[in-house]
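In what follows, a structure is listed as structure tokens, so that the remarks can point back to it.
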Amino acid sequence: MEKFIKLMDESELKVGLVGNPKFKTIMLPVAKESVYGKEAESLKLWGVDPELGKHFIEGLQDKFQVLYFDYEGHRLKHPNSEHLTAENIVKDLLVIADKVDVKKFSYYGYSWLALVGLQLGIQTDRLESLIMGGFPPIDGPYKEMLIVTNKTYEQSKNNQNSSVFNEQDESKSQEKVDWDNIKVKLDTNQTKQFVTLYKNLKEFDDREIQHKLAIPKLIFAGEKDTIVYGKNFGNVTVDIVGILQKNKQELKHMGWDIEILEGKNMNHTKAMQPITVLEVIKPWLIKNLL
């Protein structure tokens, strides 16, 4: 089943639900639409699966009912520049679940959609389990990401009339990104909405809320998931794996299962691909839900 669902800002998002309705439901807001041709080849250079959403759905639907949609892609097409707050995103997700008549569900999100899962877990009692990828559940880099998103927004304003591109060079992989010299040319509303999100979370205490998450929960990240941003992005380091390693024992004490993914160049992008993620989350979901 696929249908369009109206969100809190009146924009409409395509949502799918597949698998046996008797199975436990997994919400996948990371299910990007497949792309082909030149765009697919460009994504492959950056280590991105051009059929990411399709492969996630196919990998899970034999054991679970999968509720899938591309929330990030939707927000890039329909920016919510002034109102992309954690509370409003949670409202969107609950509207989606309600419209497809799903009462209880597990959630998997990656990067900023992982922090959304944390918010969902503390704002509702409908989660059966939570999987966060590429964003730590305690000591999250909210302040660092506010700096990075602010700088990105400033650049997008300054570069609207210049001939720069979003990437330095399509032939370069992400391993070779020079964060000192990369220029951003995105719609200002696209970039501003993420400033809104991190501003909204600036005072959020992710330790104080851990007692509200009395459900199975998993955090994972790649062993190379550290991004050092240059001057253009505020000279900050977002060290996802470092935060996890530092807090490993404390997280276990709080009931989190932790996976540090090993492998060549297992960075933020590589650790979000279905071929890597499914090997981690599927056995974990089966163990904790079935």
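The values are calculated or read from the model by the stated rules, or taken from the named source; none is laboratory data. Treat the numbers as computed from the prediction; the structure is a model and nothing was measured. Reconstructed Cβ throughout: ideal geometry from the backbone, glycine too, with neighbour counts over all protein chains shown.
Answer yes or no as to whether Gly109 is touching a Pro at 6+ places or on another chain (Cβ under 7 Å), buried (at least 21 other Cβ atoms within 10 Å of the Cβ) and of a type outside the set (A, V, I, L, M, F, W, C).
For Gly109, the condition - touching a Pro at 6+ places or on another chain (Cβ under 7 Å), buried (at least 21 other Cβ atoms within 10 Å of the Cβ) and of a type outside the set (A, V, I, L, M, F, W, C) - is met.
Here is a list: Thr237, Thr276. Which entry is of a type in the set (Ser, Thr, Tyr) and either surrounded by 14 or more Cβ atoms within 10 Å (Cβ to Cβ) or within 23 Å of Ile57 (Cα to Cα) (or both)?
Checking each option against the conditions leaves just Thr276.
Would you mention how many residues in region 127-140 are of a type outside the set (Val, Ile, Thr) and either out of contact with any helix residue (DSSP H, G or I) (no Cβ under 7 Å at 6 or more places or on another chain) or not in a loop (DSSP other than H, G, I, E, B) (or both)?
Within region 127-140, residues that are of a type outside the set (Val, Ile, Thr) and either out of contact with any helix residue (DSSP H, G or I) (no Cβ under 7 Å at 6 or more places or on another chain) or not in a loop (DSSP other than H, G, I, E, B) (or both) number 6.
Could you give me the residue pairs with C-beta distances under 8 Å whose first residue belongs to region 134-160 and is on the phi > 0 side of the Ramachandran plot, whose second residue is among the hydroxyl-bearing types (Ser, Thr, Tyr) wherever it lies, and which are 6+ apart or on separate chains?
That search, which allows pairs on different chains as well, returns Gly134/Tyr110; Gly134/Ser111.
Would you kindly identify the strands (runs of 3 or more DSSP E) lying entirely within region 167-283 that contain at least 1 residues that are farther than 26 Å from Asp125 by Cα, at pLDDT 95 or above and polar (S, T, N, Q)? Full working, then the answer.
Numbers: elements: 217-222, 226-228, 237-239, 256-261.
Per the criteria, 226-228, 237-239.
Would you pick out the residues in region 64-83 that are aliphatic (A, V, I, L, M) and surrounded by fewer than 21 Cβ atoms within 10 Å (Cβ to Cβ)?
Result: Leu76, single match.
Which of the residues that make up region 57-88 are closer than 11 Å to Phe194 by Cα and of a type in the set (Ser, Thr, Tyr)?
Ser81, Thr85, listed by residue number.
Filter region 57-95 for residues that are in a helix (DSSP H, G or I) and charged (D, E, K, R); which is farthest from the chain's Cα centre (by Cα)?
Per the criteria, the residue is Glu58.
Would you be able to tell me the number of residues in region 7-22 that are at positive phi and touching a residue at least 40 places away in the same chain (Cβ under 8 Å)? Write out each step before concluding.
Initially, region 7-22 is screened for residues at positive phi, giving 10, 19.
Next, only the ones that are touching a residue at least 40 places away in the same chain (Cβ under 8 Å) stay: 19.
Summing the residues that are at positive phi and touching a residue at least 40 places away in the same chain (Cβ under 8 Å) in region 7-22 gives 1.
Could you list, in sequence order, all residues of region 23-61 that are of a type outside the set (A, V, I, L, M) and free of Cβ contacts under 8 Å to residues at least 24 places away in the same chain?
Ser34, Tyr36, Gly37, Lys38, Glu39, Glu41, Lys44, Pro50, Glu51, Lys54, Glu58
Return a yes/no flag: does region 88-97 have any residue that is surrounded by fewer than 17 Cβ atoms within 10 Å (Cβ to Cβ) and acidic (Asp, Glu).
no
Need pairs with beta-carbon distance below 8 Å; first residue under 16 Å from Lys202 (Cα atoms) and within region 70-97, second among the charged types (D, E, K, R) and part of a helix (DSSP H, G or I); sequence gap 6+ or separate chains.
That search, which allows pairs on different chains as well, returns Glu82/Lys192; Leu84/Arg75.
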